[in-house]
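Readers should treat all values here as calculations from the given coordinates under stated rules, not as data from a laboratory. In this text, all values refer to a predicted model and were calculated from it rather than measured experimentally. All Cβ positions, glycine included, derive from the backbone under ideal geometry; neighbour counts span all protein chains shown.
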Amino acid sequence: MSYLTDNRFVSFFKGFFVTGKQPVKPTVTVQYPEQKRPKPERAHGRHVLNRYEDGMEKCIGCELCAGVCPARCIYVRGADNPPDAPVSPGERYGFVYEINFLRCIHCDLCVEACPTEAITESKLFEFSFTNRDDAIYTKAELVVDDAGKPKALPWEDWKPGDDRNTSAWVRATAPSGRADLEGVPLWSGELGYGVRPAQAGQSDASAADVPADFDIAVRQSGGAAVRGVGVSSVRPVRRPGDRS
């Protein structure tokens, strides 16, 4: 049998050809951390405990966030507000608040369960620990400072914009699908930011699905040919009336 007709011989060089043609293709590598891709609007990152515009804490120590957490990473204990120096507007406040980020799966269920929008998630996900104790964030580290900004810890890499549009589901479209409430703020203001603006609603065709070439999943590639890591496609934008 000739080597030229031997399938094993041909397959051997086919494998080298696949590798050899990669250097001439356009690069898809981002020079991280010098260059970073934009983060999605509703990215889930490190939690923060918010305060009202007058400086009072939003947390009322109801422990709903701890109860709904599937990873059991949140520990909360409430206490009665001191009459002479209340911490929150309610009868109680979060006396103890801890999150173990070694367990947290960033599902955002704690944010949805919170009745006062006290806990939200920023876009920060670049943080690591040298010991397990640092992974347990206490209330002193989670509550925003007097300017309403998250407290940057030594092992965190905060970038501009990581603290904006936190937990964007709060400001999404219209509650309960009511078109007359589209774009109407139904949330309280926050220290340092005021009342955050609402997201564009479903009547805005360009806001239904903003094209983002940096965040295209394989299932959203619209049947485009998948060749290695280079998925070339355009995310479909839903228009009013589209039911597909």
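Quick notes on this structure:
- Pairwise FRET efficiency - Val30 versus Arg8, Cβ, R0 = 51 Å, nearest 0.05: 0.85
- Multiplying each eigenvalue of the alpha-carbon gyration tensor of region 1-148 by 5 and taking the square root yields semi-axes of 53, 17, 13 Å, largest first, rounded to whole angstroms.
- Highest mean first, the peptides 143-150, 112-119 sorted by other C-beta atoms within 10 Å per residue fall in the order 112-119, 143-150.
- Each peptide in 56-63, 22-29, 131-138 was scored by the mean count of other Cβ atoms within 10 Å over its residues; highest first, the order is 56-63, 131-138, 22-29.
- Kirkwood Rh, Cα atoms: Rg over Rh of region 90-152: 0.95
- Net charge dipole, region 35-128: roughly 620 debye, given to the nearest 20, about the Cα centre with Cβ charges of +1 for Lys and Arg and -1 for Asp and Glu.
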